[in-house]
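Each remark here refers to the structure printed beneath this line.
Values quoted throughout were computed directly from the atomic coordinates according to the rules given, and no laboratory measurement underlies them. Keep in mind that what you see is a predicted model, and the values were worked out from it rather than measured. Backbone-built Cβ (ideal geometry, glycine too); neighbour counts: all protein chains shown.
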Amino acid sequence: MAIDQMLAPLAILWSAKDPVALDPPVPVEAPPSFDVELEVGKLGLSYDERQEYFTLLAHDSESADEDTPTIALTASREQLRSLSKRIAALAAAGRPRCPLCGRAIEESGHHVCPGSNGHASH
């Protein structure tokens, strides 16, 4: 949602500069993928208006240095829009949520829910 919220007002700016640029085509060839494992403690997203690119900053929750991100990735608006769609698809494919508290329900169907007084539900 944060990505989409950041892209929305910028789309107006881009369309004022170039009416065709409102919804540019997504590149056919996907960028190379990689696996990174870390528990994110802080996540940031910034936009460089002059260069017209975004920077995604991820800070490992176990890192003592809060000022220096563990990972810094730059992306074009097309790449960021594609990332937003991939994140939404992954989140939608996740475990079902409890209607009372919103927490994920385990595959077994059991869940300790504060909304039901802390009792396990099925």
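Of the residues Met6, Met1, the one with the fewest other Cβ atoms within 10 Å heads the list, and the complete ranking is Met1, Met6. For the range 49-102, relative contact order (Cα pairs under 8 Å, six or more residues apart, normalised by length) works out to 30 percent.
Based on other C-beta atoms within 10 Å, arrange Phe34, Phe54 from fewest to most. Mind showing how you got there, number by number?
Numbers: Phe34 5, Phe54 21.
Lowest count first: Phe34, Phe54.
Between Leu57 and His110, the modelled label-to-label distance comes to 4.3 nm, taking each label 7 Å out from Cα in the direction of the beta carbon.
The ranking of Leu90, Leu83 by Cβ neighbour count inside 10 Å, starting from the fewest, reads Leu90, Leu83. Normalised Debye scattering of the range 70-122 at q = 0.21, 0.31 Å⁻¹ gives log10 I(q)/I(0) of -0.76, -1.14, counting only Cα atoms as equal scatterers and leaving out solvent. For the range 29-122, relative contact order (Cα pairs under 8 Å, six or more residues apart, normalised by length) works out to 15 percent.
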